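Below is one structure; the comments refer to it alone.
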Amino acid sequence: MTLILGIETSCDETAAAVVADGQAIRSNVVESQVEIHQRYGGVFPEVASRQHVLSILPVIGQAMADAEADWDDLDAIAVTHGPGLAGSLLVGVNAAKGLAWGRGLPLVGVNHIEAHIYGNWLVEGSSPEFPLVCLVVSGGHSELIWMTGHGQYRRLGGTLDDAAGEAFDKVGRLLGLPYPGGPSIQRAARGGSPEAFKLPRAWLPGSYDFSFSGLKTAVLQLVQKYQPEADGPPLKSRAAGSQPPLMRVLPAANLAASFQAAVIDVLVTKTAQAAQDLNAKAVLLAGGVAANELLRAEMVRNSPVPVHCPPLELCTDNAAIVATAGFFRFQAGERSGWDLDIVPGLRLAAEQDIQPVQDSFPTPPL
Ligand code: KG4
Ligand code: ZN
């Protein structure tokens with residue numbers, strides 16, 4: 001049995017977990033900073049790293065206690081060293097190095113995107129078949145990856161501007177919904193119609209890339225229509241007793257549902273197309289946006305091959321996925337040196353080198 005302590009601090013979650021054989025979660029502690037960052041409407045990097053400093057040792061101690069594990073029981077420590085926020089990554093990497101050095105344990109640096117992908121190996125009895133297409137969609141990343149074996153990746157495409165989760169967060173803010181926008185939009189969308197607004201889809205024919213900035217701007221322009229007329233007479237010049245211009249109520253549920261449908265439409269169509277073009281044996285979803293109920297349902301409905309998704313609680317940032325990704329690298333004989341450093345822009349695979357077999361993406365309706 002191989003027991004690995006995973007450590008994750010790439011963004012705004014301080015997390016530690018103990019996982020046996022890359023499959024059995026003995027403990028999984030996540031201290032979220034969401035409430036701290038909520039007042040800024042997004043992650044405040046300097047605040048995040050300071051909070052990691054305060055939380056990292058108690059969180060690791062809790063993970064060891066929950067797992068009823070002794071330091072001598074561990075075989076290795078796996079830690080996220082990129083991509084992510086520099087100040088946040090530094091806290092996890094230095095804690096992992098200090099503990100590994102002090103306890104004489106091997107250290108394995110893990111790519112955060114790879115960790116998200118390996119959430120799919122934490123599902124009991126699931127071992128996705130290679131080769132497969134993996135859609136990684138989170139707050140910081142939106143990538144379509146071709147995976148031919150453990151640790152073997154080629155990048156098919158990715159976002160040209162905002163990550164899918166980032167678009168959810170920004171549109172959530174436009175609609176006045178609480179941060180993070182993804183779960184808030186999903187909740188609001190349940191009360192709205194996806195057909196209420198015809199929002200643009202950037203199909204980018206001939207590539208597996210995504211773009212969400214046009215969609216975000218379209219929502220912004222609709223939201224602005226519901227704000228009081230900027231060129232109306234100034235309030236103070238109105239006759240005494242007259243009413244200020246009525247503010248029309250923002251149809252947040254319909255906008256949320258229409259926006260969500262547009263994002264998911266493009267993500268699902270491109271992923272299914274890649275699976276078909278490349279004769280994949282499976283499709284994997286990964287990252288925070290993979291928790292989205294519409295994405296999960298539509299992917300299953302449209303994929304030509306079996307679809308795997310991590311359990312909801314393993315989609316967003318946690319350290320069990322880091323321990324599992326670290327396990328597969330550890331098994332392959334990989335060890336990091338004491339010079340392991342943070343790499344905020346760490347990539348999973350080389351630049352895009354596979355093009356769609358055919359330009360068969362739908363033509364935009366708008
Ligand atoms: O993977 P993650 O926890 O952190 C990063 O690595 O970025 O992903 C967080 C992102 C946020 O942008 C959040 O809005 C989004 O995942 N998210 C969702 C849902 N749950 C979280 N987006 C859409 N629908 C959801 N249910
Ligand atoms: Zn993440």
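The values are calculated or read from the model by the stated rules, or taken from the named source; none is laboratory data. No experiment lies behind these values; they were computed from the predicted model shown. Note that each Cβ is placed from the backbone with ideal geometry, even for glycine, and that neighbours are counted across all protein chains shown. These area figures cover heavy atoms from the full protein model, side chains too; ligands, DNA and RNA do not enter into them. Shrake-Rupley method; radii C 1.70, N 1.55, O 1.52, S 1.80 Å.
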For the chain, the charge dipole (Cβ of Lys, Arg +1; Cβ of Asp, Glu -1; about the Cα centre) points to a positive end, and the Cα of 320, 92, 308 closest to that extreme belongs to 308
When the chain is treated as a Gaussian network with springs between alpha carbons less than 10 Å apart, the largest mean-square fluctuation among 114, 124, 298 is found at 124
Tilt, helix 164-174 to longest principal axis of the chain (alpha-carbon atoms), in degrees rounded to tens, equals 40
The orientation-averaged projected area of the Cα convex hull of the range 78-222, in nm², is 12.0
Taking Cα atoms, the helix 45-66 axis meets the longest principal axis of the chain at an angle in degrees (rounded to 10) of 50
With the dipole of the chain defined by +1 on each Lys or Arg Cβ and -1 on each Asp or Glu Cβ, the option from 4, 144, 227 whose Cα lies farthest towards the positive pole is 227
What helix-only [θ] at 222 nm does the chain give? Using -39500 (n - 2.57) per DSSP H run of at least 4, over all residues, to the nearest 500, the answer is -11500 deg cm²/dmol
In debye to the nearest 20, the charge dipole size for the chain, taken about the Cα centre with +1 at each Lys and Arg Cβ and -1 at each Asp and Glu Cβ, equals 1320
Charge dipole of the range 106-201 built from unit charges on the beta carbon (Lys, Arg +1; Asp, Glu -1), centred at mean Cα; most positive-end Cα among 192, 113, 163 is 192
For the chain, the longest principal axis of the Cα atoms and the Cα long axis of helix 293-302 enclose an angle in degrees, to the nearest 10, of 80
So for the range 246-333, using the alpha carbon gyration tensor with a ≥ b ≥ c as root eigenvalues (a/c under 1.5 gives rounded; past that, a/b versus b/c decides prolate or oblate), I'd call it oblate
Scalar couplings 3J(HN,Hα) for the range 285-290 by Karplus 6.51 cos²θ - 1.76 cosθ + 1.60 (θ = phi - 60°), nearest whole Hz, x for Gly and Pro, are 10, 7, x, x, 5, 5
Listed by chain and number, the residues whose amide H is under 5 Å from that of residue 27, excluding neighbours fewer than 5 places away on the same chain and using placed H, are 18
For the range 40-158, the Cα convex hull volume per residue in Å³ comes to 141
At q = 0.15, 0.20, 0.26 Å⁻¹, the log10 of I(q)/I(0) for the range 21-74 from a Debye sum over equal Cα scatterers comes to -0.56, -0.78, -0.99
For the range 98-176 the mean separation of alpha carbon contacts under 8 Å (6+ apart) over residue count, i.e. relative contact order in percent, is 19
Along the range 102-112, Karplus-curve 3J(HN,Hα) (6.51, -1.76, 1.60; θ = phi - 60°) to the nearest Hz, with x for Gly and Pro, reads x, 9, x, 9, x, 10, 10, x, 10, 7, 4
Note to self: with every protein chain in place and a 1.4 Å probe, the chain gives an accessible area per residue in Å² of 44
Here D for the range 1-93, in µm²/s, from Stokes-Einstein with a Kirkwood Rh over Cα pairs at 4 °C and 1.567 mPa s, works out to 96
Scalar couplings 3J(HN,Hα) for the range 210-223 by Karplus 6.51 cos²θ - 1.76 cosθ + 1.60 (θ = phi - 60°), nearest whole Hz, x for Gly and Pro, are 10, 8, 10, 6, x, 5, 4, 5, 4, 5, 4, 5, 5, 4
Working note, the chain: Cα radius of gyration (Å, one decimal) and Dmax (Å, whole number) are 22.2, 81
Of every hundred units of 1.4 Å-probe accessible area on the chain, the number belonging to carbon and sulfur atoms, as a percent, is 52
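With charges only on Cβ, +1 for K and R and -1 for D and E, what is the dipole size of the range 133-186 about its Cα centre, in debye, rounded to 20?
In total the dipole reaches around 100 debye.
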The answer for the longest stretch of the chain without any exposed chymotrypsin sites (Phe, Trp or Tyr not before Pro) (DSSP loop, at most 10 further Cβ atoms within 10 Å) is 41-337
